[in-house]
Amino acid sequence: MNARVRRILEDATHRFVFRRRLPHPFRGVRLYATTEGGLRYLRPSLRDVDPPLLAVAQRYVKSGAVVWDVGSNLGLFALPAASAVGPTGSVVAVEADAWMATLLRRSVQLNGWSERVEVLAAACADAFGVGTFDIACRSRSTNHLEGFGTTQTGGVRERQMVPLVPLDAVLAGRRPPDVLKVDVEGAEALVLMGASTVLEHRPLIVVEVAGETSDVVRSILEPYGYEFFDGEHLEAGVTDELAYMTVAVPKA
């Protein structure tokens, strides 16, 4: 799809919100979707939206588990996780974009999971504060904290002031996560820098790793005894290079 056609489709459809169902084995999970999360949500089936992410949720999220999803967007990981953990588990979904957080809360209510899923409208960082959050022109899936992000945003349509909260502070009054997913458009290392206490609990971690952050992410996680897998090729075993979607598993 060329850039002009893509932009026309984005402009024509961004204002619409529609209900979708996730594919097997999460067929019963419904979510409110929009092309603000990417044109991929127009596909006839959501099976091809992000197969590796759904596969990780299916493989690693167990009944009764606690899952934290930092950078939840529309909930493509948080909602399958909520299905997998069942009534004895819980999910904390952290999303800095207030508009997306509201839509995610609607999806939570649609599935009847208000007691199971908590949505926090904030950005995670290494310290408390207030940050500038850039809303991307093309897709809100590429929103980012100012100073981070990629070149795939199509520019910035607006800027929001958002609360910055260390991940360790999210622990207050909550069970530590068994599974932690972090996808925040280049600020993943910043999130992990504010998570030293969380990391002491050694959750399984699913983290997006850009080339320039690979060494930093590795240096943060290795002291806690992790080994690394490529989330798109889990069958390949332990890898020395951190992949774009890295699954960090605590060593036995």
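The values are calculated or read from the model by the stated rules, or taken from the named source; none is laboratory data. What you see is a predicted model, and the numbers here were worked out from it, not measured in a lab. Heads up, the Cβs are rebuilt from the backbone with ideal geometry, glycines too, and the neighbour counts pull from every protein chain shown. We work out accessible area using only protein heavy atoms, side chains counted, and drop any ligands, DNA or RNA first. Shrake-Rupley method; radii C 1.70, N 1.55, O 1.52, S 1.80 Å.
Quick one: in the range 91-143, of everything that is of a type in the set (A, V, I, L, M) and either open to solvent by 50 Å² or more (accessible area, probe 1.4 Å) or assigned to a loop (DSSP other than H, G, I, E, B) (or both), which residue is farthest from Leu164 (Cα to Cα)? Within the range 91-143, the match that is farthest from Leu164 (Cα to Cα) is Ala98. The set of residues from the range 62-77 being of a type outside the set (Lys, Arg) and surrounded by fewer than 24 Cβ atoms within 10 Å (Cβ to Cβ) comprises Ser63, Gly64, Ala65, Val66.
The number of residues in the range 1-25 being at pLDDT below 95, under 26 Å from Gly86 (Cβ atoms) and either out of contact with any Leu (no Cβ under 7 Å at 6 or more places or on another chain) or hydrophobic (A, V, I, L, M, F, W, C) (or both) comes to 2. When the range 184-199 is filtered for residues that are in contact with a Ser or Thr (Cβ under 8 Å, 6 or more places away or on another chain) and free of Cβ contacts under 8 Å to residues at least 40 places away in the same chain, the ones remaining, listed by number, are Glu188, Ala189. Of all residues in the range 203-244, those being outside any loop (DSSP other than H, G, I, E, B) and either basic (Lys, Arg) or closer than 25 Å to Arg175 by Cα (or both) number 15. Residues that are touching a strand residue (DSSP E or B) at 6+ places or on another chain (Cβ under 8 Å), closer than 18 Å to Tyr60 by Cα and not hydroxyl-bearing (Ser, Thr, Tyr) within the range 226-242 comprise Glu227, Phe228, Phe229, Asp230, Gly231, Glu232, Leu234, Ala236, Gly237, Val238, listed in sequence order. Looking at Arg6, Arg20, just one residue is among the charged types (D, E, K, R), in contact (Cβ under 8 Å) with a residue 12 or more places away in the chain and under 22 Å from Cys137 (Cβ atoms), and that residue is Arg6.
So Val184 fits all but one of (1) outside any strand (DSSP E or B); (2) over 30 Å from Ala12 (Cα atoms); what number is the exception? Among (1) outside any strand (DSSP E or B); (2) over 30 Å from Ala12 (Cα atoms), the lone unmet condition for Val184 is (2). Screening Gly149 on (1) among the small types (Gly, Ala, Ser); (2) part of a loop (DSSP other than H, G, I, E, B); (3) over 17 Å from the mean Cα position of the chain (by Cα) shows it passes everything except condition (3).
Leu31 satisfies every condition listed in (1) within 25 Å of Ile205 (Cα to Cα); (2) free of Cβ contacts under 8 Å to residues at least 40 places away in the same chain except (2).
Screening the candidates Pro80, Pro51 for the property of being under 20 Å from the mean Cα position of the chain (by Cα), buried (at least 22 other Cβ atoms within 10 Å of the Cβ) and not aliphatic (A, V, I, L, M) yields one hit, Pro80. Cβ separations smaller than 7 Å between residues 6+ apart or across chains give the following pairs from the range 170-183 residues that are within 14 Å of Gly89 (Cα to Cα) to residues that are open to solvent by 70 Å² or more (accessible area, probe 1.4 Å): Pro176/His201. For Ala12, the criteria (1) assigned to a helix (DSSP H, G or I); (2) among the small types (Gly, Ala, Ser); (3) open to solvent by less than 10 Å² (accessible area, probe 1.4 Å) hold in every case but one, which is (3). Here Arg175, Arg157 are screened, and the one residue that is open to solvent by 70 Å² or more (accessible area, probe 1.4 Å), touching a strand residue (DSSP E or B) at 6+ places or on another chain (Cβ under 9 Å) and part of a strand (DSSP E or B) is Arg157.
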